[in-house]
Structures are given as structure tokens and as C-alpha cells.
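In what follows, a structure is listed as C-alpha cells, so that the remarks can point back to it.
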Amino acid sequence: MTLPHIHNEWQSSQTIKLTNHGVYMRKILAFLFTSIALCFSGPTMATGETILIYSYHNHPPFVTGSYTGLTYDLADALNKQAAGRYNFQVSIVPRSRLNYYLKNWIDGKCPNDVCEQNWIVPWVNPNWGFIRGDRDNYLWHPLFTDSNVIVSLVTDSFIYNNPESLKGRVLAGMRGHRYVGIDELVTSGDITRIDGNRERDNIMKVLVNRVTATLLPNSTMQYLLENDKEIKAKAEQLKLGDEKHQIYVRHLMLPETRTDLMQLIENIPVQQLVNIKLNN
């Protein structure tokens, strides 16, 4: 009788197929589980709380190109320090929009009201209009000392000693910016002010003698002198005033409730990050 033999042979064949199928499925499942684990544990997967780095400083050295500049360097340093606990993301916005986003904080209603607390703002100062309520409801971490420098032509006899020095002169300013001691003289007509959208453009106005002087952050001026080919080539034509319009400390501002972020920020070597020569 051969039928039992054929039946056993068929059973063995099916057993082999089932066994192979089981091994194949286990391999697929193992691969899927491994892939999922790698996705969630890999360095590029942001699993922590998203923290927005708001900044309206869209000029050098803070923004020097597409995803480059000190603001992006700061984000990289913070993400490295956070090691997955937080995911810091840069958001470059105009000052007016930042004021809108932080309106309740600026008006002193936070943190008592329901307010967003997943943000930080670098490169700012407590005196720049962020506190309108009865008290300071932020934490501040000093970053570096900067100043507003007055730039004019070497061939011009103009010397800046104080805002009064600009009477009868033409100043290139930044659109939307306020200048202590100068705005009043512009309003009275003692100073003519021509606004631009970029600090570099204002320097070029000085070089072609369209304006007497321009005012910009010293950190920006130093960056352009080192990295902008045209301005570097014409550096000898420019005179940087010894007397600064203002000297100030740039801070990192964050909600007063985020002491956890402050502890992280305090471990960032800012002086190494901000590798700029400041002539203050």
C-alpha cells in the first residue's frame, strides 16, 4: 500500500512549508520592530517637548544665510545639551508678530492666564519693551555685551559724541527701530532719517555719501567687516565712532515658569558660541 506513504510525504511537505513560512514571518516582524525602535531612539527623532526659539534678529551675525548664523548655532547647542528631552526649533519672525505672540506675557497677564510657555527669545534686553505690566515675569540669561556703533566716512569731518552731534545731518536707520535720544530729534526735524531694511544697505548708503552716518549693532558691523567681501574691501573708507550710541547686554528671555530650561541654558558655553570680536 502506497497511500499512507504519499499522505505522510504530503504532511511532511506541508510541515516544511509552514515552518519556512513561520520563520519568514518572524524575520519580517523582527525587522519591523527593530525599525520602529530605531525610529524612536535615533538622534534625528525629536521625542521631547518642542521649544520655539523666536527671534526677530534676521541679520548677521544672528542669521547669516539659509539655516546659518548664531541663532541656529544656539539651537544646535541646546538640542545637543538637551539630549532628546527638548526639541529646539528656530522661528524667525518680525518684532510686531513676536509682540502679538507674546502679548499676554508683555502685558503682564502671564503666567496667571492660560499662556504658551514653550518658547525662548535670544539676543534681547529687558529694556526693549517686553515688560509693560507691574512686574518682570521672565527669566533672563546674559549672553554677551553689544553696542550700537555710529559709522560714517573717514573723509567726513563728522564726529559722533551724542545724539546732538547728528543735528543737521542725515542718518540711515532701520525701519521700525527706535533710537533713544535720536527719535525726538528726528520728530523735531533736527535730524533727517532715511530708513532701510538691511544694515548692509545702510552701510552702502554711507559709502556712496547718500547719508552722513548709519547706526547698527557692533556685532553686525564686525561680522560684515570680516565676512562681506565688498565692505571688507572698503573698510578703510569707513570710520567707526569711538563713542557708542548705546551699550547693552543681550540676554536670552524665557517664561519665569521654565526653570527647567534655564538650568539647561546655563550649561551652554555662550562665550565659545559667540566668537565675535566686540570693541566695547
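Count charges around residue 217 for me, please; just the other residues with Cβ under 10 Å from its Cβ, Lys/Arg as +1, Asp/Glu as -1. Counting the neighbours of residue 217, the net charge comes to -1. Once the chain from residue 227 to residue 109 is taken as fully extended at 0.36 nm per residue, the excess over their C-alpha distance is 38.2 nm. Reported to the nearest whole Å, the Cα centre-to-centre distance from the stretch 234-265 to the stretch 47-80 is 15. For residue 145 and residue 125, the difference between the fully extended length at 0.36 nm per residue and the C-alpha to C-alpha distance is 6.2 nm. Each label was represented as a point 7 Å from its Cα along the Cα-to-Cβ direction; for residue 175 and residue 194 these points are 1.5 nm apart. For the stretch 45-139, the mean projected area of the C-alpha convex hull, equal to one quarter of the hull surface, is 6.7 nm². The stretch 174-280 gives an Rg/Rh value of 1.05, both radii derived from C-alpha positions and Rh following Kirkwood. Two decimals, Cα atoms only, Kirkwood Rh: what is Rg/Rh over the stretch 112-184? When Rh is taken as the Kirkwood radius, the ratio is 1.09.
Every number here is computed from the coordinates shown, using simple stated rules; none is lab data. This one's a predicted model, so the numbers in the text were calculated from it and none came from an experiment. With ideal geometry, Cβ positions are generated from the backbone for all residues, glycine too; neighbour counts draw on all protein chains shown.
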